[in-house]
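First the structure, in the form of structure tokens, and then the observations on it.
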Amino acid sequence: MIRRPIRPKFLTGIAAVALALAYMIYAGVTQSAVYFVTPAELTAAPRPGKAYRLGGMVEKGSVRWVASTLDLSFRLSDGQTTVPVRHTGTPPDLFGEGRGAVLEGRWATEGYFRATQILAKHSEEYKAPHDDPEPAYRELMKSLRSNPK
């Protein structure tokens, strides 16, 4: 059996493919890792127009929502600093005062955070939705049966 020497072109090709694959893995990991900043970090050095992911607690008494225009405004706090936030659209079901939220958006030159997406956070503790002995689906079924077609 005669062994052929490995050609330099073949080794160069394998090295190029390995480097390209390593770069793709590195770029994919660094782009998918998304961190959020706190209101204190954002206000320390805000850059208007830069995309941010902002996390904090929705301040109690700060939520204002106009259903006719879908304008939502509130304040987000980290306990040190408060940031005014504006969003257009309906808030998620878990969104509320005194709850955590992570927002995606941009800092506006007018001095507020323009949120494009609201990700409401929930607690790790499970609570039953209602203490009602009869679940809501049974009530729905009753109402459907009692209505004639």
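Coordinate-derived values only; no laboratory data. The structure displayed is predicted, hence computed values, not measured ones. We place every Cβ from the backbone using ideal geometry, glycine too, and count neighbours over all the protein chains shown.
Multiplying the residue separation of A27 and R3 by 0.36 nm and removing their Cα-Cα distance gives an extension gain of 4.7 nm. Rounded to the nearest 0.05, what FRET efficiency do D93 and R114 give with R0 = 22 Å and r taken as the Cβ-Cβ distance? Could you check? The formula returns an efficiency of 0.50 here.
Provide the FRET efficiency to the nearest 0.05 for the R47-R86 pair, computing r from the beta carbons and using R0 = 22 Å.
Working: r = 18 Å, r/R0 = 0.81.
It comes to 0.80.
A Förster distance of 25 Å, applied to the separation of the beta-carbon atoms of Y35 and A15, puts the FRET efficiency at 0.15. Going from the fewest other Cβ atoms within 10 Å to the most, the residues Y52, Y26, Y112, Y35 appear in the order Y35, Y26, Y112, Y52.
Can you classify segment 39-120 as rounded, prolate or oblate using the Cα gyration tensor, where a ≥ b ≥ c are the square roots of its eigenvalues, rounded means a/c under 1.5, and otherwise it's prolate if a/b beats b/c and oblate if not? All intermediate terms of the calculation are to be shown ahead of the outcome.
Working: a/c = 1.74, a/b = 1.28, b/c = 1.36.
Oblate, because a/c is 1.5 or more while a/b does not exceed b/c.
For segment 38-61 versus segment 1-18, the inter-centroid distance based on Cα atoms is 53 Å.
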